[in-house]
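Everything below concerns the one structure shown next.
The values are calculated or read from the model by the stated rules, or taken from the named source; none is laboratory data. Only a predicted model underlies this, so the values are computations on that prediction, with no experimental measurement involved. In this analysis, Cβ positions are derived from the backbone assuming ideal geometry, glycine residues included, and neighbour counts consider all displayed protein chains. For accessibility, only protein heavy atoms count, side chains too; no ligands or nucleic acids. Shrake-Rupley method; radii C 1.70, N 1.55, O 1.52, S 1.80 Å.
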Amino acid sequence: MKTLKELKLFIILWLTQSFSSLGSSMTNFALVIWLYQDSGSALKTSLLTVCSYAPYVVMSIFAGAISDKWNKKTIMLVCDSTAALCTIFTLILLRSGALEVWHLYILNAVNGLMNSIQAPASDVAATLLTPECHYQKTSGMRSFSGSLVSILTPVFAASIISFAGIEAVIIIDLITFFTAFAALLYFYKNSRNYTKSR
């Protein structure tokens, strides 16, 4: 019970962010399937991944410095919100039948940029919320959730696409976003350790 009490804020952050990560990964996987079905081009599909990781690689050089200077909670909220807006925009284009390959390239590039900034802020936030004696536990929990998301993403995304279509995957992604956003906004609004560096 003492351990759970000490890790309460971390567990909330860990669960909601993992939930949101699963939703985002499912959408990315679903869009890869959609693009390949729509274009039939392996090159166009692979470029989608390049557009996601190229900004991540470039921006990661500066992401640590940005994370150190700015409020961690604000960084995470802004990055999550930007990614959600990209997802909403994708859904609107998809429903209107106007979604093009270049739209996905731009949206994936923006998401990659946001992920590169959010990742170090999330790492620091998790550390600030964790007592030093529990670092090994929380590190293991984060590794476990990351691996679980990787395993579950194709299973869940493919199943949902088969039964309900790609739009259902995107809507689930938005639900996971609002869950994580609400947790950040509500549970951490008075957490000094979370919003400042030690």
Checklist outcome for this item: Taking a probe of 1.4 Å and leaving out DNA, RNA and ligands, the chain shows per residue an accessible area in Å² of 55 Å²
Next on the checklist: Using only the alpha-carbon atoms of region 1-158 as identical scatterers, what base-10 log of I(q)/I(0) does the Debye formula give at q = 0.10, 0.15, 0.17, 0.18 Å⁻¹?
Outcome noted: -0.42, -0.87, -1.07, -1.17
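Just add up the charged neighbours of Leu91: K/R +1, D/E -1, any other residue whose Cβ is under 12 Å from the Cβ of Leu91.
Summing Lys/Arg as +1 and Asp/Glu as -1 gives -1.
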Checklist entry - List the aspartates and glutamates whose alpha-carbon lies under 16 Å from that of Lys73, not counting same-chain residues fewer than 8 positions away? => result Asp123
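Going by average Cβ density within 10 Å per residue, which order do the peptides 47-55, 138-146, 73-81 take, highest to lowest? Display every interim value, and only then the final one.
On the way: 47-55: 16.8, 138-146: 14.2, 73-81: 18.3.
The densest-packed peptide leads the list: 73-81, 47-55, 138-146.
Hey, any idea what % of region 49-166's accessible area is carbon plus sulfur with a 1.4 Å probe? Could the numbers behind the result be given before it?
Working: 4330 of 6250 Å².
Accessible surface attributable to carbon and sulfur in region 49-166 totals 69 percent.
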Next on the checklist: Give the aspartates and glutamates reachable from Lys8 as a straight Cα distance under 16 Å; neighbours fewer than 8 places away on the same chain don't count.
Outcome noted: Glu132
